[in-house]
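Peer 1: Have a look at the structure that comes next, please.
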Amino acid sequence: MVMLGLTEALLITELVLLVVTVYLLLTSIREARGRSHLIDQLMRATRTFSRAEYFTAVQESVGEATSYIYAAVTGTPPKEDEKETIERLLRQFSRALKAGVKLKFLLPKDPDRLMMGYMYKSTGGEVRYNPSFLVSDMRYMIVDGRVTVLGFPERSGLKEPTRKGYKVYSEGVTLMCKEKFDNLWESSSSTDYDSYLKEMIKEAVAHTPGISNETLSSLLSLPVEEIERIRSSF
């Protein structure tokens, strides 16, 4: 009986310790999740602020332009909460063009970038695509050969959005970026917007004969009228 009582006591003690261990483990997990959630919230707030800074730097520089704006950008489609900012920036580009500022936009050669290419072209600027721009993680906009707005993602990668912007008043930096831009722009591998869209439409038609303009519009995220305009030139 004594041995049985001792065994039971040991089992009860082990059970209590197990319960306490499980409780502490669950508490630790909840606390870790809570800390992770808090960190995520802080990071989101920081990213939003930094990205807003970048757009502010771009808008300020566009407003200061008097001669030309050459921009090498990723051209990722805007998120829902960024559409108003992008539309405001596009209107600013249009006003700059009307004031005599020359606009050039260089984007990676990727079908996902056709929508932003269309939007940039709607400002009256020239748009070209270059496959070599796929490996670049730095985005930049040159204004009048005296100001460069540099944009950087948080992590390496083409699909990573710009998170931080820097406005640099340096002829050396501007000259370096302009030389890089000009080389890509004049490269034989560069394709203008209309030619690239025509290429994508022809590929789709070859793969799916009889494909409608509405379907192409949905696939390429472009207005039906834009698809009709390009197809009428075949």
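Bear in mind that the values in this text are calculations on the coordinates, not laboratory data. Since this is a predicted model, take the numbers as computed values, not measurements. Here the Cβ positions follow ideal geometry from the backbone for every residue, glycine too, while neighbour counts run over all protein chains shown.
Peer 1: What FRET efficiency comes out for the pair Arg229/Glu126, r = Cβ-Cβ distance, R0 = 25 Å, nearest 0.05?
Peer 2: Once the sixth-power term is evaluated, E becomes 0.90.
Peer 1: If you add up the charges near Arg229, with Lys and Arg at +1 and Asp and Glu at -1, over every other residue whose beta carbon is less than 13 angstrom from its beta carbon, what do you get?
Peer 2: Surrounding charge for Arg229 is -1.
Peer 1: First check a/c for segment 173-213, with a ≥ b ≥ c the square roots of the eigenvalues of its C-alpha gyration tensor; if it is under 1.5, answer rounded, and if not, answer prolate when a/b is larger than b/c or oblate otherwise.
Peer 2: prolate
Peer 1: Give me the extension gain from Leu90 to Thr208: residue separation times 0.36 nm, minus the current Cα-Cα distance, reported in nm with one decimal.
Peer 2: 39.1 nm
Peer 1: Does segment 50-189 come out rounded, prolate or oblate, given a ≥ b ≥ c as the square roots of the eigenvalues of its C-alpha gyration tensor, rounded meaning a/c under 1.5 and, failing that, prolate meaning a/b above b/c?
Peer 2: Rounded is the answer for segment 50-189, as its axis ratio a/c remains below 1.5.
Peer 1: While we're here: Say each of Ser189 and Lys102 gets a label point 7 Å from the Cα, pointing the same way as Cα to Cβ; how far apart are those two points in nm?
Peer 2: Those two pseudo-labels are separated by 2.5 nm.
Peer 1: Can you give the extra length, in nm with one decimal, that the chain gains between Lys83 and Tyr68 once fully stretched, where that is 0.36 nm per residue apart less the Cα-Cα distance?
Peer 2: 2.9 nm
Peer 1: Continuing with the same structure: Would you order Tyr129, Tyr193, Tyr166 from fewest to most other beta-carbon atoms within 10 Å of each residue's own beta-carbon?
Peer 2: By the 10 Å Cβ count, ascending, the order reads Tyr166, Tyr193, Tyr129.
Peer 1: With charges set only on the Cβ (+1 for Lys and Arg, -1 for Asp and Glu), what does the dipole of segment 192-234 come to about its Cα centre, in debye to the nearest 20?
Peer 2: Taking the Cα centre of segment 192-234 as origin, the dipole is about 140 debye.
Peer 1: What is the order of Thr74, Thr66, fewest Cβ neighbours within 10 Å to most?
Peer 2: Thr66, Thr74
Peer 1: Provide the FRET efficiency to the nearest 0.05 for the Ser221-Met138 pair, computing r from the beta carbons and using R0 = 22 Å.
Peer 2: Rounded to the nearest 0.05, the efficiency is 0.30.
Peer 1: Okay, moving on. Could you give the length gained by full extension between Glu199 and Tyr169, i.e. 0.36 nm per residue of separation minus their alpha carbon distance, to one decimal place?
Peer 2: 6.9 nm
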